[in-house]
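Each remark here refers to the structure printed beneath this line.
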Amino acid sequence: QVQLVESGGGLVQPGGSLRLSCAASGSIFSIYSMGWYWQAPGKQRELVATVTGGSSTKYADSVKGRFTISRDNAKNTVYLQMNSLKPEDTAVYYCIARSANRVYWGQGTQVTVSS
């Protein structure tokens, strides 16, 4: 089992920045990738960014150049630095961790971009 605890969400003005954190605990040796998904009201959950243990990254087109995902293996934590935030980035952000045969989700953290 893997437990994921997210932090760092909140309210920010357009153009502002936030950093999300997701700390993993439990059977972390089994994890090969971590990342973030988002879900806006009335929409499906979608990929934001992922990073593998080898630091290979993948981003949604809408966040490229604005968001940066990173992983601290010593702390078993993945970060999402979000810059130049837009109102359309408003969503619940979920941390995800993948092992060979299972996907784990965090509880979600709300990010609201509004003036």
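Quick notes on this one:
- Heavy-atom accessible surface of the stretch 1-69: percent carbon and sulfur, 1.4 Å: 50
- For the stretch 11-17, backbone phi angles converted through the Karplus equation (6.51, -1.76, 1.60; θ = phi - 60°) give residue-by-residue couplings of 9, 9, 7, x, x, x, 10 Hz, Gly and Pro being listed as x.
- With contacts taken as Cα pairs under 8 Å at a separation of at least 6 residues, the chain carries a relative contact order of 37 percent.
- Residue with peak Gaussian network fluctuation, the chain [Cα springs, cutoff 10 Å], from Leu11, Leu47, Leu80: Leu11
- Per residue accessible area in Å² of the stretch 24-115, where ligands, DNA and RNA are left out and the probe is 1.4 Å: 53
The values are calculated or read from the model by the stated rules, or taken from the named source; none is laboratory data. Keep in mind that this is a model prediction, so the values were computed, not measured. With ligands, DNA and RNA removed, areas are computed over all heavy atoms of the protein, side chains included. Shrake-Rupley method; radii C 1.70, N 1.55, O 1.52, S 1.80 Å.
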